[in-house]
Amino acid sequence: MSARWSSSPDADRRAVAAAAGTSHAAFLGPGRTPDGGWPVRFFTATAELSGCGHGTVAAQAVRLTRTALGELNDRQHIGGRTFDTVAIRRPAGIEVWFDQGLVALRHPAPDERAAIVAAPGAPRMLVPVHDRSALLRVCPHLGRLTAACQRYGLLGCFVYVPPVGD
């Protein structure tokens, strides 16, 4: 879900996610930050998120649909970081690319691992497909997907192509 930025307090932004029944909501800010990025903020019903990958994709898709452009090369600002984005109109929809930044991998200590496993939250289903062309053909029936996720206690699912060699 995306909503227009307003002067309302953060509590109102959290209320949008709660009222919509979504895991979170994206708020597209007006103007640009000093480093040239468009501000975007993500809120759950209880807190602000420092970033959100699929929310970034949605925010950039919304920004592109508000133009007559075929491609939008821009910058987005989230949680203190500004990064490049590309949104492209395709016959089957909008494709979005963005710089996710560096990922630091580490092995959590046993107590960290236990705390993460015990943390509340709804699981997501991961659905592997053979290749990118299969991924592009995925066309879920959103009503049935929503019903199945609710029945099995899932927040949603991600369809992906496994890395080569795994």
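No value in this document is a laboratory result; all are computed from the given coordinates. Please read all numbers here as calculations on a predicted model, not as lab measurements. Backbone-built Cβ (ideal geometry, glycine too); neighbour counts: all protein chains shown.
Sparse packing (at most 15 other Cβ atoms within 10 Å of the Cβ) combined with a DSSP loop state is found for the following trypsin sites (Lys or Arg not before Pro) in the stretch 73-108: Arg106. Taking Thr146, Thr85, Thr33 as the candidate residues, the one with maximal mean-square fluctuation in a Gaussian network model of the chain, Cα springs under 10 Å, is Thr146. When the alpha carbon coordinates of the stretch 6-96 are projected onto the principal axes, the ranges are 36, 32, 20 Å, largest first. Considering only Gly79, Gly53, Leu69, the residue lying farthest towards the positive end of the dipole of the chain is Leu69, judged by Cα position with unit charges set on Cβ. Here Cα Rg over 2.2 N^0.38 Å was computed from the coordinates, and among (i) 0.94; (ii) 1.15; (iii) 0.99 the match is (ii). Based on every Cα atom in the stretch 122-166, Rg and the maximum pairwise Cα distance Dmax equal 12.0, 35 Å.
In plain terms, the chain from Thr33 to Tyr160 could stretch by 42.4 nm, reckoned as 0.36 nm per residue minus the Cα-Cα distance.
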